[in-house]
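*Asks:* My questions all concern the structure below.
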Amino acid sequence: MAGSTQSIPNYAEALYEAERNLKAIAPLSAEDEHLTVEDAYQIQLYNVARKTREGDRVVGYKVGLTSQPMQQMLGVPEPDFGHLFASMHYQSGDVVEHPLIQPKVEPEIAFLLKEDLSGGRISVQDVIQAIAYVLPALEIIDSRVTDWNIRLVDTVADNASAGCFALGDMPTDIHNVDLGTVGGTLRVNGQVVETGAGAAVLGHPAASVAWLANKLNALGTTLQKGSVILSGSVSSAVPVKPGDRVSLSFGRLGRVAVTLRA
């Protein structure tokens, strides 16, 4: 039955196998026009639980659809989120070994929490007080849906199109930088491919973390201390391929760079 809870394990299995076999599938939205965003989050959570049982560990979250153009393109009024696993985590200078199907890279600002953000009605100021530090981050997004032919339910079910991520190694106190105006320059193989500033993320990237904390609270979960949050891209995503060298210079936040395995 379309849109039923019985479908959720089947759709989750299809996405899990697509990721494992590196073979993209048709969009779930094309197969089931009645699939809701709530269904899609249940599909995402089904695979989160499966990967956790298999020994991986959730280390944080990624927020997507944080720019007005992306929200307008998918016809949605708010961002979405996915889970970050320990197996996705790289540091600056690493070779990315993560298996990917059709990767793209995004320049982002990452937050690390020193306190829980709970109780609902979390504000940007609450976020600023709860942040241990910020870092430049490269998010390599990926889709298990053929040709990135996605609607909102497709990307949500697919863990918000998460692939892997790399963090810089120079923590910065959030009070020592204006995250709304700090600018990033993304390079692939030495060539500038995108630029952007923090304000591209919901006006201020801390607003993205506040949205996430409130969304999780509404779902009965707390955004916990120690979590890494990728707040959203400051520019368009750029396709990358095996062997590419990717770097992000982000003003006072420093730099992060990785190479995709050839």
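The values are calculated or read from the model by the stated rules, or taken from the named source; none is laboratory data. If you're wondering where the values come from, they're calculated on a predicted model, not measured in any experiment. Glycine gets a Cβ as well: all are built from the backbone with ideal geometry, and neighbour counts include every protein chain shown.
*Asks:* Would you say Glu78 is without any contact (Cβ under 8 Å) to a residue 40 or more places away in the chain and among the acidic types (Asp, Glu)?
*Replies:* The answer is no for Glu78.
*Asks:* Given the conditions (1) surrounded by 15 or more Cβ atoms within 10 Å (Cβ to Cβ); (2) within 13 Å of Leu135 (Cα to Cα); (3) of a type in the set (S, T, N, Q), which single one is not true for Asn176?
*Replies:* Among (1) surrounded by 15 or more Cβ atoms within 10 Å (Cβ to Cβ); (2) within 13 Å of Leu135 (Cα to Cα); (3) of a type in the set (S, T, N, Q), the lone unmet condition for Asn176 is (1).
For (1) in a strand (DSSP E or B); (2) touching a residue at least 24 places away in the same chain (Cβ under 8 Å); (3) out of contact with any strand residue (DSSP E or B) (no Cβ under 8 Å at 6 or more places or on another chain), each residue gets a yes or a no:
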residue	(1), (2), (3)
Glu115	no, yes, yes
Gly120	no, yes, yes
Val127	no, yes, no
Ala132	yes, yes, no
Pro136	yes, yes, no
Asp154	no, yes, no
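*Asks:* Now, a different point. What number of residues in region 17-34 are in a loop (DSSP other than H, G, I, E, B) and at pLDDT 95 or above?
*Replies:* 5
*Asks:* Give all pairs with beta carbons closer than 8 Å in which a residue from region 213-224 that is surrounded by 19 or more Cβ atoms within 10 Å (Cβ to Cβ) meets a residue that is in a helix (DSSP H, G or I); count only pairs at least 6 apart in sequence or on separate chains.
*Replies:* Within 8 Å, the pairs are Ala213/Asp126; Ala213/Val127; Leu223/Val209; Leu223/Leu212; Leu223/Ala213; Leu223/Leu216; Leu223/Asn217.
*Asks:* Right, Ala206: buried (at least 18 other Cβ atoms within 10 Å of the Cβ), more than 18 Å from Gly226 (Cα to Cα) and either of a type in the set (A, V, I, L, M, F, W, C) or modelled with pLDDT under 95 (or both) or not?
*Replies:* no
*Asks:* Of the residues Val127, Val134, Val156, Val182, which single one is closer than 30 Å to His34 by Cα and either under 19 Å from the mean Cα position of the chain (by Cα) or crowded, with 19+ Cβ neighbours inside 10 Å (or both)?
*Replies:* Sole residue among the options that is closer than 30 Å to His34 by Cα and either under 19 Å from the mean Cα position of the chain (by Cα) or crowded, with 19+ Cβ neighbours inside 10 Å (or both): Val156.
*Asks:* Listed residues Glu31, Glu97, Glu78; which is more than 19 Å from the chain's Cα centre (by Cα) and surrounded by fewer than 18 Cβ atoms within 10 Å (Cβ to Cβ)?
*Replies:* Just one listed residue meets the conditions, Glu31.
*Asks:* When region 138-150 is examined, which residues are found to be assigned to a strand (DSSP E or B) and not aliphatic (A, V, I, L, M)? Walk me through how you get there before you give the answer.
*Replies:* If we filter region 138-150 for residues that are assigned to a strand (DSSP E or B), which is where we start, we get 138-141, 145.
The one that is assigned to a strand (DSSP E or B) and not aliphatic (A, V, I, L, M): Glu139.
*Asks:* In addition: Quick one: how many residues across region 75-132 are modelled with pLDDT of 95 or more, within 23 Å of Ser235 (Cβ to Cβ) and among the charged types (D, E, K, R)?
*Replies:* 5
*Asks:* Mind listing whichever residues of region 209-248 are closer than 23 Å to Pro103 by Cα, among the small types (Gly, Ala, Ser) and either touching a Pro at 6+ places or on another chain (Cβ under 8 Å) or assigned to a loop (DSSP other than H, G, I, E, B) (or both)?
*Replies:* Of all residues in region 209-248, those closer than 23 Å to Pro103 by Cα come to 228-248.
Now narrow it down to the ones that are among the small types (Gly, Ala, Ser): 231-233, 235-237, 243, 247.
Ser231, Gly232, Ser233, Ser235, Ser236, Ala237, Gly243, listed by residue number.
*Asks:* Mind checking which pairs have a first residue in region 179-192 that is on the phi > 0 side of the Ramachandran plot and a second that is modelled with pLDDT of 95 or more, Cβ under 9 Å, 6 or more apart or different chains?
*Replies:* Cβ pairs passing all conditions: Asn189/Gly243; Asn189/Asp244; Asn189/Arg245; Asn189/Val246; Gly190/Arg245; Gly190/Ser247.
*Asks:* Let me spell it out: the conditions are (1) over 15 Å from the mean Cα position of the chain (by Cα); (2) surrounded by fewer than 17 Cβ atoms within 10 Å (Cβ to Cβ); (3) free of Cβ contacts under 8 Å to residues at least 60 places away in the same chain, and Ala86 meets all of them except one. Which number is the exception?
*Replies:* For Ala86, the exception is condition (1).
*Asks:* Taking the options Val63, Val59, name whichever one is outside any helix (DSSP H, G or I) and over 16 Å from Ser87 (Cα atoms). Steps first, please.
*Replies:* Details: Val59 fails: over 16 Å from Ser87 (Cα atoms).
Within the list Val63, Val59, the selection yields Val63.
*Asks:* Moving on to the next point. Checking Ala14 against (1) outside any helix (DSSP H, G or I); (2) in contact with a Leu (Cβ under 9 Å, 6 or more places away or on another chain); (3) surrounded by 15 or more Cβ atoms within 10 Å (Cβ to Cβ), which test does it fail?
*Replies:* Every condition holds for Ala14 apart from (1).
*Asks:* Still on this structure: Please give the number of the condition Thr66 fails out of (1) surrounded by 17 or more Cβ atoms within 10 Å (Cβ to Cβ); (2) modelled with pLDDT of 95 or more.
*Replies:* Going through the list (1) surrounded by 17 or more Cβ atoms within 10 Å (Cβ to Cβ); (2) modelled with pLDDT of 95 or more, Thr66 breaks only (2).
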